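Novice: Structure in structure tokens, see below.
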Amino acid sequence: MGVLRISLLGGLAITRDGALPGALPGATARSLLAYLVAYRSRPHTRDLLAGTFWPDLPDDAARRRLSQALWRIRRSLEPDPDLPSQPFLLTEGDTLQVNPEFPLWIDSEEFTLTYTRGASSPPRALECFEACLKLYRGEFLAGYYDDWVLVERERLRNLYLAALGQLVAGCKSQGQYEQALAYARTLVSQDPWSEEAHREIMRLNHLLGRAAEALKQYETCQQLLKDDLGIEPAPETQALAVEIAGSTSLPASSWLPVTARPVLAPLLERPDRLPLVGRQTELAELLHLVEGAARGQGGLALLYGEAGVGKTRLLQELARNAQWRGMRVAWGRCYELDGPPAYQPLVEVFRADLPALSASVIEPLWLTELARLLPELATGETPPVLKPEEEQRRLMEAVARGFQALGQAAPYLIILEDAHWMDQASLAALRYLLPRLAETPLLIVVSARSEDLSPSAAEALAALENTRLPRRLKLGRLNQSETGLLVQHALALQQPPALFSARLYTETEGNPFFITETLRILVDEGLLYRDAEGAWSTPWDQDADNYAALPLPGSVAQSIQLRLERLPAPLAEALGLAAVIGRG
């Protein structure tokens, strides 16, 4: 007897050895068969089945209809009764269910199992989710509208949409942006009200250099939401369209969102929400390294810049882009402490993903060694005692294997901030790990203030650079034009305020932190205000010659004071003399 193949996705279809079995008349009998097959793992009482499929009939009549339908099912699906075979249905007392031993293949069951395999096996995920798409020929039992059908239909449809989303993410993580875009378009065709799917198409088109298509997708999304739901796109969708339009030479079309000018305070309280200004070259270079790491070619980047120049803001944007590409991100921060704990920023990174440091990935010896830094990993084992220098080397080997384990779990971006305060053990561990990064899906980005590096930290980072594997980036201040653009975004202006921006640039010399802090204090002191028409104004709008001195924000003064306190005595004295002489 051949395998009975029952398809429930896209409608009910039954075949055996490529041929149709006996006729199964009656829509109710077919729905009953689908129900028994879809839930074949459990027995069903006759009362439940009769009440579900013939709810309007008296109990006796409903039970008779059930018996007739079951007889038709057996007659249609079981072979010649004179031949020995397994029955399709098993009965026990007042319950019945599909025989678990009956040779049966069900597409909806295979679809669910394939999705589960993909979700639990990252190496085979794309293969499994692609198989899900082939199995999903259409919605569950298309043309049937029983209550139980609608519930199962929604469950399977959600899995199908999730599989599409996983394929978009998986293709992005491998740099297959064209294929990711194709899957995203399919996702929108199946779930047209999903703004996140529309945003994915916009981002992918923008990434592929098709800004016009990205903005056209926004127009499609806007019109669809207006026609079907009577609403406008969400603020994040509108903001994405504005950002894409602003990054191209295309004119702003009439359909682009005309959003109300935001209140100033939230933008200045959260500068990380402002568009990134003047850092496109550095971001592109770092993203090139991110995409290399996603393909298994890891590396190390060293990002230098003075306090307030925007290193953290750039790294936040890098992290957002890496996560969008399917990479995991972990941060480790260094702090200004007297004698910081050894390996402190690296321990922060490990703690962000302890499950990746499992015994199944790392050999017990190295896991036991890592437990010296992470007691949560303690196994009860004690490593053999070695000489101090050998124990130090063994610990660095364990740390290196821990980083490799993170890369095996998923492509990783690891950001280590404020390395001018990094402990020597962490710096030595990075140097030890360096030769293995080229073949590990792991990008480590280290940020530091070059002017605040201790001699030992400067020497350690210079040793890293001498290997020629790390990429070195220097983040400078904004120029006058970029300062004007930052002010434009902060105040939601149509164009940069040339006069005011020039004055602000002169005072701040293009330091982004000083710029945003100065804007904040100007608002607090009423020197930057909205006029009756909602436009921003200052006392200096018409006259550049009689500018009063801009107030010095307390946060900026504190930052400057901390820098002054670190200066050697001769430099502090020279700076004092320069302050008396004046800028001229």
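The values are calculated or read from the model by the stated rules, or taken from the named source; none is laboratory data. All values reported here derive from a predicted model rather than from experimental measurement. Please note: Cβ atoms are built from the backbone with ideal geometry, for glycine as well, and neighbour counts cover all protein chains shown. Heads up: the accessible areas ignore ligands, DNA and RNA and are worked out on the full protein's heavy atoms, side chains in. Shrake-Rupley method; radii C 1.70, N 1.55, O 1.52, S 1.80 Å.
Rundown of residues vs (1) open to solvent by 20 Å² or more (accessible area, probe 1.4 Å); (2) touching a Pro at 6+ places or on another chain (Cβ under 9 Å); (3) free of Cβ contacts under 8 Å to residues at least 12 places away in the same chain; (4) farther than 18 Å from D107 by Cβ, yes/no style:
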residue	(1), (2), (3), (4)
L33	no, no, no, no
V37	no, no, no, no
R40	yes, yes, no, no
P43	yes, no, no, yes
A50	no, no, no, yes
P58	yes, no, yes, yes
A61	yes, no, yes, yes
R64	yes, no, yes, yes
W71	yes, no, yes, yes
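Novice: Out of (1) at pLDDT below 90; (2) closer than 30 Å to P123 by Cα, what's the single condition that is false for Q494?
Specialist: Here Q494 meets the rest and fails (2).
Novice: When the residues of region 315-338 are filtered to those that are touching a residue at least 24 places away in the same chain (Cβ under 8 Å), farther than 19 Å from P411 by Cα and open to solvent by 40 Å² or more (accessible area, probe 1.4 Å), which remaining residue is farthest from the chain's Cα centre (by Cα)?
Specialist: L337
Novice: Could you list, in sequence order, all residues of region 321-346 that are modelled with pLDDT of 90 or more and charged (D, E, K, R)?
Specialist: Selection gives R328, R333.
Novice: Scanning region 474-497 for residues that are touching a residue at least 40 places away in the same chain (Cβ under 8 Å) and touching a Phe, Trp or Tyr at 6+ places or on another chain (Cβ under 6 Å), which turns out farthest from E243 (Cα to Cα)?
Specialist: Per the criteria, the residue is K474.
Novice: I'm trying to understand the selection: among the residues of region 396-416, which are open to solvent by 10 Å² or more (accessible area, probe 1.4 Å), under 10 Å from L370 (Cα atoms) and among the aliphatic types (A, V, I, L, M)?
Specialist: Residue satisfying the conditions is M396 alone.
Novice: Please find, among T95, T91, T116, the residue that is over 25 Å from S7 (Cβ atoms), without any contact (Cβ under 8 Å) to a residue 12 or more places away in the chain and among the β-branched types (V, I, T). Step through it out loud before you land on a result.
Specialist: Numbers: T95 fails: without any contact (Cβ under 8 Å) to a residue 12 or more places away in the chain; T116 fails: over 25 Å from S7 (Cβ atoms).
Checking each option against the conditions leaves just T91.
Novice: With the requirement that a residue be closer than 19 Å to E232 by Cα, outside any helix (DSSP H, G or I) and not aromatic (F, W, Y), what does region 188-212 give you?
Specialist: D191, P192, S194
Table: residues versus (1) surrounded by fewer than 19 Cβ atoms within 10 Å (Cβ to Cβ); (2) modelled with pLDDT of 80 or more; (3) among the hydrophobic types (A, V, I, L, M, F, W, C).
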| residue | (1), (2), (3) |
| --- | --- |
| L499 | yes, yes, yes |
| A532 | yes, no, yes |
| P553 | no, no, no |
| R583 | yes, no, no |
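Novice: Which of the residues belonging to region 138-168 are open to solvent by 40 Å² or more (accessible area, probe 1.4 Å), part of a helix (DSSP H, G or I) and either of a type in the set (D, E, K, R) or touching a residue at least 60 places away in the same chain (Cβ under 8 Å) (or both)?
Specialist: Within region 138-168, D147, E154, R155, R157 meet the criteria.
Novice: Continuing with this model, one more query. Given the structure, is S447 modelled with pLDDT under 90 and open to solvent by less than 10 Å² (accessible area, probe 1.4 Å)?
Specialist: It is false that S447 is modelled with pLDDT under 90 and open to solvent by less than 10 Å² (accessible area, probe 1.4 Å).
Novice: State the number of residues belonging to region 435-485 that are in a loop (DSSP other than H, G, I, E, B) and under 28 Å from the mean Cα position of the chain (by Cα).
Specialist: Adding up the residues that qualify gives 7.
Novice: Among the residues of region 380-391 satisfying the criterion of being under 25 Å from P355 (Cα atoms) and loosely packed, with under 11 Cβ neighbours inside 10 Å, which is farthest from the chain's Cα centre (by Cα)?
Specialist: T382
Novice: Further question on the same structure: If I go through region 1-30 residue by residue, how many of them are open to solvent by less than 50 Å² (accessible area, probe 1.4 Å), at pLDDT 90 or above and under 18 Å from N99 (Cα atoms)?
Specialist: 2
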